[in-house]
Amino acid sequence: MEEPAPAEIENETPSNIFIPPSVIPSSLLSGRSYTHFSPVPPSLLASAEKSVPVCLGVDEAGRGPVLGPMVYGIFYLPLPLADPLLRQTHHFDDSKVLTPQVRSSLMQTISTAGSDLHQSCGWATTLLSAGDISAGMMRPSNAGGSYNLNAQAMDATVQLIQGIYDRGVNIQEIYVDTIGQPAAYQKKLERIFPTAKITVAKKADSLYPCVSAASVCAKVTRDAALEVLWKTRGRPPAREEEKDKNEEDTDMEWGSGYPSDQRCVTWLRGNMHPVFGWGPECRFSWGTAKDMLEGPKGVKVDWPVDDDGDTNRLTDFFSAKDQEEGDELGTWFGTPAGLEAF
C-alpha cells in the first residue's frame with residue numbers, strides 16, 4: 001500500500017481542523033462503519049423543473065495507515081459549474097497537495113449554509129472503521145473468506161453512488177480515482193450504472209474538479225475522525241498539573257497513522273495491551289500491528305471453538321452403554337426384539 005514520503009508526513013497529520021458533520025463521535029468510538037449524506041440542493045433533483053445534468057466525483061483517504069478509518073467521499077454539482085466554481089473560484093486540487101488548513105477551510109465552506117458551494121453542491125462520505133476493515137480482511141474461510149480492501153472499497157463506492165441516485169439526483173457523468181487497473185474498474189461500474197458516462201483514471205483527483213472536491217471531503221473527514229479518536233482514545237490522561245498544557249497541546253503523538261511515521265510506531269508499542277492490542281483506532285490486519293501482537297510483548301491466546309450443538313446424531317442419545325446401565329429413557333419403549341422374534 002502506498003505511503004506518503006517522509007516530506008509529506010506532516011501534511012498527512014491533522015491539527016486544529018474543522019470537524020465536519022460527517023464525523024459522528026458515537027459511531028466512530030463504537031468501531032462501526034457508517035455513511036453520511038449532505039442535503040441535496042433542490043436544483044439538482046431530477047424532478048426539478050429546471051433540473052441540470054450533474055457530474056459526480058469519487059475519491060478516498062486513508063487506504064494505507066494502520067491507525068484510523070478509510071474514508072470514501074463523493075461530491076456532485078451541475079456540470080457547467082465544475083470548472084468555474086471548483087477550480088477557478090475555490091481552487092480545489094488533489095487534497096494531498098493542499099495544506100491541512102486549506103482543506104479544512106474548503107470543507108467548512110462546503111458545510112456552511114448559504115455559501116455558494118453549499119447551495120450548488122452535494123457530498124457524502126462512507127467511513128470504513130479500522131475494526132470493520134480488519135474483520136473483513138481476516139474473515140475465516142467458513143464465513144466466506146477474506147474480504148479484501150479492494151472489494152470493500154468497491155462496495156463503498158457503489159453504495160455511495162447508488163445513494164445519490166436514490167435521492168433523485170440527475171447524474172450524467174461519474175469520475176473515479178482508480179482502484180487497481182482503471183479499465184477493469186471502469187467496466188464494473190459501467191455494468192452497475194449503465195445510464196451514466198463513467199471515467200476511471202489514475203490521479204483523477206488532480207484531473208477532474210469534482211474528484212478533487214471528493215478528495216477534500218474524504219481527507220478532512222478522516223483527519224477529523226483521527227482527531228476525535230486521539231482526544232478520546234490516544235491521548236494519555238493528564239496529571240492535574242498538566243491539564244492546562246494538554247488542553248492547548250493538540251499535536252497527536254501517534255502522528256499520521258502510517259507505519260512509516262515513527263511517531264505512529266512508537267505510540268503503538270507504548271499503548272499495546274498484551275492480549276487485546278488496541279481499541280477501535282487500529283487495523284489489526286496490518287503487518288505492523290500483527291508483528292507487535294505476535295512479538296515478545298504479546299500474549300498468545302488459544303480461543304476455544306464454541307460447540308454449535310449441531311454435531312450430535314439422534315442415535316447418540318440411545319447408545320448401548322446407556323441401555324446396559326439401565327437408563328430409564330433408553331428402555332422406555334422396551335428393548336429391540338431382534339430377528340429371532342419372527
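For T125, work out the one condition from (1) outside any strand (DSSP E or B); (2) buried (at least 20 other Cβ atoms within 10 Å of the Cβ); (3) of a type in the set (S, T, N, Q) it doesn't fulfil.
The failed condition is (1).
Within the range 219-226, identify whether any single residue is in a helix (DSSP H, G or I), under 22 Å from P65 (Cα atoms), open to solvent by 10 Å² or more (accessible area, probe 1.4 Å) and out of contact with any helix residue (DSSP H, G or I) (no Cβ under 7 Å at 6 or more places or on another chain), and answer yes or no.
no
Considering each of V97, V54 in turn, give the residue that is surrounded by 23 or more Cβ atoms within 10 Å (Cβ to Cβ), out of contact with any His (no Cβ under 7 Å at 6 or more places or on another chain), β-branched (V, I, T) and touching a residue at least 40 places away in the same chain (Cβ under 8 Å).
Values: V97 fails: surrounded by 23 or more Cβ atoms within 10 Å (Cβ to Cβ).
Checking each option against the conditions leaves just V54.
Pairs, please: C-beta under 6 Å, at least 6 apart or cross-chain, first residue touching a residue at least 12 places away in the same chain (Cβ under 8 Å) and open to solvent by less than 40 Å² (accessible area, probe 1.4 Å) and in the range 266-283, second among the polar types (S, T, N, Q) and part of a helix (DSSP H, G or I)?
R283/S134
Scanning the range 288-304 for residues that are in a helix (DSSP H, G or I) and open to solvent by 40 Å² or more (accessible area, probe 1.4 Å), which turns out farthest from D261 (Cα to Cα)? Spell out how you get there, then give the answer.
If we filter the range 288-304 for residues that are in a helix (DSSP H, G or I), which is where we start, we get 288-293.
Restricting the remaining residues to those that are open to solvent by 40 Å² or more (accessible area, probe 1.4 Å) gives 290-291, 293.
Values: K290: 17, D291: 16, L293: 19 Å.
So, considering only residues that are in a helix (DSSP H, G or I) and open to solvent by 40 Å² or more (accessible area, probe 1.4 Å), the one farthest from D261 (Cα to Cα) is L293.
Go through (1) touching a Gly at 6+ places or on another chain (Cβ under 6 Å); (2) open to solvent by 50 Å² or more (accessible area, probe 1.4 Å) and name the single condition A183 misses.
In the conditions (1) touching a Gly at 6+ places or on another chain (Cβ under 6 Å); (2) open to solvent by 50 Å² or more (accessible area, probe 1.4 Å), A183 misses (1) alone.
Any chance the range 78-88 includes a residue that's under 22 Å from the mean Cα position of the chain (by Cα), under 23 Å from L160 (Cβ atoms), of a type outside the set (D, E) and open to solvent by 30 Å² or more (accessible area, probe 1.4 Å)? Don't jump to the end; show me each part of the working.
The initial filter retains those residues of the range 78-88 that are under 22 Å from the mean Cα position of the chain (by Cα), namely none.
There is no residue in the range 78-88 that is under 22 Å from the mean Cα position of the chain (by Cα), under 23 Å from L160 (Cβ atoms), of a type outside the set (D, E) and open to solvent by 30 Å² or more (accessible area, probe 1.4 Å).
P39 passes all but one of (1) open to solvent by less than 10 Å² (accessible area, probe 1.4 Å); (2) in a loop (DSSP other than H, G, I, E, B); which number fails?
Exception for P39: condition (1).
The values are calculated or read from the model by the stated rules, or taken from the named source; none is laboratory data. Nothing here was measured: the structure is a model prediction, and the numbers come from that model. Methodologically, a virtual Cβ is constructed for each residue, glycine included, from the backbone with ideal geometry; neighbour enumeration extends over all protein chains shown. Ligands, DNA and RNA are excluded from the accessible area calculation, which covers all protein heavy atoms including side chains. Shrake-Rupley method; radii C 1.70, N 1.55, O 1.52, S 1.80 Å.
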